[in-house]
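Derivation of every value follows stated rules applied to the coordinates shown; laboratory data play no part. The structure presented is a predicted model; accordingly, all values stated were derived computationally and were not measured. Because the Cβ atoms are built from the backbone with ideal geometry, glycine has one as well, and the counts that use them run over all protein chains shown.
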Amino acid sequence: MDLLVVGSGFFGLTVAERAAASGRKVTVIDRRDHIGGNAYSEHEPQTGIEVHRYGAHLFHTSNPAVWEYANRFTTFTNYVHRVFTTHDGVVFPMPINLGTINQFFGAAYSPAEARALVHRLAGEFDERSAQNLEEKAIALIGRPLYEAFIRNYTAKQWQTDPRKLPADVISRLPVRYTYDSRYFDDTWEGLPADGYTAWLERMVDHPNIDVRLRTDFFDETQPLHRRATLGRLPIVYTGPIDRYFDFAEGVLSWRTLDFEQEVHDVADFQGTSVMNYADAEAPFTRIHEFKHFHPERADRYPRDRTVIMREYSRFASRDDEPYYPVNTPSDRAGLLAYRELARGEDGVFFGGRLGTYQYLDMHMAIGSALSMWNNRLT
Ligand code: FAD
Ligand code: UDP
């Protein structure tokens, strides 16, 4: 074996695939019973509908190298992600665009009129000096739109007052003065035509790659554990960075999600793939309806049944799946200390969402794995 990869998410599999293609023998271990990390999907047994077990995953990128690389393993459908949100019993398009603004104010503003209105409403704070998510959001869209669509949703999603969250979280969401309601701005987007798992399986389908599931790096009863491998061969580690160092610099905080999945005997539950719930009264943040991700499979999916998943957000304890880094000031201080420790850990390369304590989209995980391979591992 020339390389050990801990974790079979997109980061680990990209490094493993590149190493195998260049002639190295690679072993990939994962503590779960399947490959793919959080991008894993499976067919719901009663309906055959593809369900993303760890929450809906939409692929999008503007990075040509990542797009070319992904297309080696799968083709993509022409799915374009659009989201709606329910506020006060009425459905609006999200992210906020001219359609949302006109519907909210019961008006027919032109782009220039809408801009002027939002500019007037947003005067309370300056975008550049905004100190937290609330100030930044108000500076971008004004208080009425913030209170309707952002404040309660954000508080539910982060379980934290938006005045205590960093301003940049909201920058992920565009605001548009056109009727363009696409969720993402990227050059390419789509869903893997035959599913995420088929894509992930093709990445490891190489004689140089040996995959071992239900194998925890820290379990000393299995032969590839930390003490047995450290210093003997290069290790790419994509598990939680604080766990690697036995929490020596404290526990980094994460949010986790609880999913409530149901099969309904109706053709269509909500008419779209993702419906957000902007108000505090709904305890969940959104509902996914998976058949809408693949309209091209309409003749294969049941006509009279559908699968939905409600998503609830909460702080993660040590035993929960870590999903989103919370990034409080004390987390950032802890992360700097862990980075310092990581620099001193010869022969171990920390990567991916958990290994770097960063929210990475799939294209970012693949892109950073390709750079690690090209710049540090070849
Ligand atoms: P992961 O996928 O988390 O893989 C890490 C792997 O390491 C896991 O399989 C884990 O079991 C394994 N591991 C951890 N510790 C150990 C250990 N001790 N021993 C052995 N194995 C271990 N991205 C998008 O582009 N679009 C989206 O719509 C999108 N939606 C998302 C929704 C949710 C709810 C979440 C959480 C993420 C979403 N993402 C999305 C991000 C996407 O999941 C990540 O970019 C991708 O999973 C990153 O891959 P990774 O390899 O870094 O980590
Ligand atoms: N957001 C919101 N209302 C919405 C959708 C998003 O307030 O209807 C905010 C929320 O703070 C969220 C951020 O915008 O954390 C980024 O949204 P995105 O959909 O990118 O978050 P994800 O669910 O991918 O973490």
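Quick notes on this one:
- Fluctuation leader among LEU360, LEU117, LEU335 - the chain, Gaussian network, Cα springs under 10 angstrom: LEU117
- Burial ranking of peptide ranges 2-15, 313-326, 22-35 (average Cβ count within 10 Å, highest at the top): 2-15, 22-35, 313-326
- Those lysines that a straight Cα-Cα span of less than 17 Å connects to LYS164, excepting residues fewer than 8 apart in one chain: LYS136, LYS156
- Every Cα-Cα pair in the chain was counted, and those over 36 Å apart are 28% of them.
- Qualifying GluC sites (Glu not before Pro) in the stretch 302-378, where qualification requires a DSSP coil assignment and no more than 16 other C-beta atoms within 10 Å, comprise GLU345.
- Pairs of Cα atoms farther than 19 Å apart, the stretch 24-127, %: 70
- For the stretch 97-172, projected area of the alpha-carbon convex hull averaged over all directions, nm²: 4.9
- Inter-part distance where the stretch 308-335 and the stretch 142-188 are each reduced to a Cα centre, Å: 19
- Stokes-Einstein diffusion of the stretch 207-295 at 25 °C, 0.890 mPa s viscosity, Kirkwood radius from Cα pairs, rounded to a whole number: 135 µm²/s.
- Listed residues PHE104, VAL169, PRO144: farthest to the positive end of the dipole of the stretch 97-172 (Cβ charges): VAL169
- Using alpha carbons only: equivalent-ellipsoid semi-axes of the stretch 288-341, gyration tensor based, whole Å: 41, 13, 9
- Highest mean packing first, where packing is the average number of other Cβ atoms within 10 Å per residue, the peptides 124-130, 98-104, 203-209 line up as 98-104, 203-209, 124-130.
- Distance between the C-alpha centres of the stretch 1-66 and the stretch 242-259: 21 Å, rounded to the whole angstrom.
- Test item: Cα-centred dipole of the stretch 97-172, Lys/Arg +1 and Asp/Glu -1 on Cβ, debye: 140
- Calculated SAXS-style log₁₀ I(q)/I(0) at q = 0.16, 0.26 Å⁻¹ - the stretch 1-59, Debye, Cα scatterers: -0.58, -1.00
- Residue with peak Gaussian network fluctuation, the chain [Cα springs, cutoff 10 Å], from ASN276, ASN152, ASN71: ASN71
- Degrees separating the helix 329-343 axis from the principal Cα axis of the chain, which is the longest one: 30
- Degrees, to the nearest 10: 111-121 long Cα axis against longest axis of the chain: 90
- Percent RCO, i.e. relative contact order, over the stretch 97-172, from Cα pairs under 8 Å lying at least 6 residues apart: 27
- Taking other C-beta atoms within 10 angstrom as a stand-in for reagent exposure, TRP188, TRP373, TRP199 fall in the order TRP188, TRP373, TRP199, fewest first.
- Per-residue packing, averaged as other Cβ atoms within 10 Å, sorts the ranges 215-222, 58-65 into the order 58-65, 215-222, beginning with the highest.
- Gaussian network model of the chain, Cα within-10 Å springs - most flexible of GLY347, GLY367, GLY271: GLY271
- Here the stretch 243-378 is described by how far its Cα atoms reach on the three principal axes: 58, 40, 23 Å, from widest to narrowest.
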